Amino acid sequence: MDPILFLIFAAIAVVCGINVVLQTHPIASALSLICVMGSLAVIYLLLGAQFIAAVQVIVYAGAIMVLFVFTIMLLNAGAEKKSAGSLVSRAVGAPALVALLGFLSYVLYRAFPNPLAVRFGDFTLGTAESVGKAVFTTYLLPFEITSVLVLIAILGAVLLAYKELD
Amino acid sequence: MNFYLLSLIKAAVMVGALLLTLLYLQWVERKVIAHVQVRLGPHRVGPHGLLQPIADTVKLLTKEDLMPPGVNKFLYVLAPFLAIMLSLISISVIPFGPAVDVAGVTTWMQLADVNIGVLLILAISSLTVYAVVLAGWSSNSKYPLLGGLRSSAQMISYELPLGMAVAAPLLLSNTLSLRGIVEQQSHYYFGFIPAWNIFHAPFPQVFGFIIFLIAMFAETNRVPFDLPEAESELVAGFHTEYSSMKFAGFFMAEYANMITACSMATVLFLGGWNPLFSPRYGSNYVPAVLFAAAGLMALWFALHPPHKGDRKTMPVFGLAAFVLAAIFLVPALQAILLPLFWFLAKAGFLIFTFIWVRATLPRFRYDQLMRFAWRFLFPAAILNLLVTGLLVALVG
């Protein structure tokens, strides 16, 4: 059951990922990106990382992408025109893509020579308890530093917005 | 029994009950608002308008399904389906009662006990905004677009206090499973104060409950936060261009979201299926007494009918109430019916509150809505969470 579900949602993720680039209308691209986020959440769930799957949906699909869609709608961005592309991109594009894919598969194969290392539902550290423990013990300093970083970003955004208002 | 077969049966029962409730919730809402405004409400189709929802459904099904020109067809059709689908999914993790024996099979009165149940509901509720936004954008019309924009801003703003308000009872319960949260509220302080999270030591979640309810009003787009469909400014907001069953889909989704919100509040704050007081003091007889009292009242109205038709209908209602009261006294059925009664009584009271508020409060202005969310509700929710966390750390 698990491999079938993985293949289905991996395929959805890849197809939607390609669709993000192919679509000319920004809303269509954004919606494809949401589908990618959703399929990734299902794949996290299949691997046993329930908390991360839920947070993936809440944060990415539920908050960040809503803001993307909101902005696109607010600016009323229309469909973009497809350019014919330069001669170089048409000549080198396809071979470069194949070369990149080959290189990536080679690196991944070298890094993980044993494909049995990943098994569905094997990862037990994805529950809310273990993520919480890891964040507040082992990774406390990076976690706090990240939160300060986010706070600075928020302050910067508020400052910029205030300047705009005056 | 086979897990898949059992799940299918439970899902069928749950969907049937939910859709019937959705159908009649609209009747209840019209009746309650009518009586608040000293009107009769639906009264022509069937006794006391009881067949009105069915008549409305037939009307909506047979109406012409218009597709305005210039719409984005795929998204225009997708939006109402998305709204219904997302609003029906989250009911699957709500626990309605404890484990029960039905014909030799022990099962929980819950479709699935996911151990991230709370997060699942939050995730799905954070996705419901897409239905409204896409409906508004794909209609290719000004009013729906404005409604969709308002809705996305409103729902993102109110999701933050909602999340913070949900986190506080989780600190008390120490679990994310909805079943675990209810079971953990099943005891009584001093034998008579229920340990529901709203009364729970060390910090009763009264404020959390109020913040949760307010945020849920905004998340479900109900009055006083129904700006995405403000009639006086936006015609009908995001569903202006929809007709027939697609229009009805948005209404169904709104009611289903309301049911989920009230069930969530019941589970998180009001102790789920746990009775108000211990069975030692006779809480098992509360439903029977209540239904018998309702039956007596109906019979009294049959003798002194306020309207002409009541002389015939009221005895039937009275008899039905007495039969219900008798059913609640059968010991074999009590194990199933009592938890269900307490759950539905609490959730039903909250749904009544939703309707009550709609009948009495005016709508916010848009800037008031945003200021309220960011300057009052969000800080209050954070403060509630901080105090709860501090007290749990000190006492627990």
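Observations, loosely collected:
- Pairs from B:31/B:73; A:81/B:246; A:82/B:246; B:31/B:312; A:81/B:142 whose Cα-Cα separation, in the structure shown, is over 26 Å: B:31/B:73; A:81/B:246; A:82/B:246
- Distance between segment B:94-116 and segment B:277-315 - C-alpha centres, whole angstrom: 31 Å
- Entry note, segment B:79-151: relative contact order of 31 percent, from Cα contacts under 8 Å with a spacing of 6+ residues.
- Note: relative contact order over chain B, using C-alpha pairs below 8 Å and six or more positions apart, is 21 percent.
- Close amide H partners of residue B:97, meaning residues 5 or more places away or on another chain with modelled amide H under 5 Å apart, are B:109.
- The protein assembly as shown: calculated mean residue ellipticity at 222 nm from DSSP helix runs of at least 4, using -39500 (n - 2.57): -22500 deg cm²/dmol
- Scanning chain A for DSSP H helices at least 20 Å long along the axis (C-alpha atoms) with a Kyte-Doolittle mean no lower than 1.0 picks out A:2-22, A:26-47, A:87-111, A:140-165.
- Across segment B:157-296, C-alpha contacts under 8 Å between residues 6 or more apart give a mean separation that, scaled by the residue count, equals a relative contact order of 28 percent.
- Backbone HN-Hα couplings from phi across segment B:288-293 [Karplus 6.51/-1.76/1.60, Hz, Gly and Pro as x]: 4, 5, 4, 5, 5, 4
- Each of the trypsin sites (Lys or Arg not before Pro) that DSSP puts in a loop and that has at most 11 other Cβ atoms within 10 Å breaks chain A; the longest unbroken stretch is A:1-80.
- Segment B:15-65-segment B:356-396 distance, computed between alpha-carbon centres (Å): 33 Å
- Cys with no candidate disulfide partner in the protein assembly as shown (beta-carbon separation under 4.7 Å rule): B:262
- Taking B:354, B:247, B:301 as the candidate residues, the one with maximal mean-square fluctuation in a Gaussian network model of chain B, Cα springs under 10 Å, is B:301.
Every number here is computed from the coordinates shown, using simple stated rules; none is lab data. No experiment lies behind these values; they were computed from the predicted model shown. Heads up, the Cβs are rebuilt from the backbone with ideal geometry, glycines too, and the neighbour counts pull from every protein chain shown.
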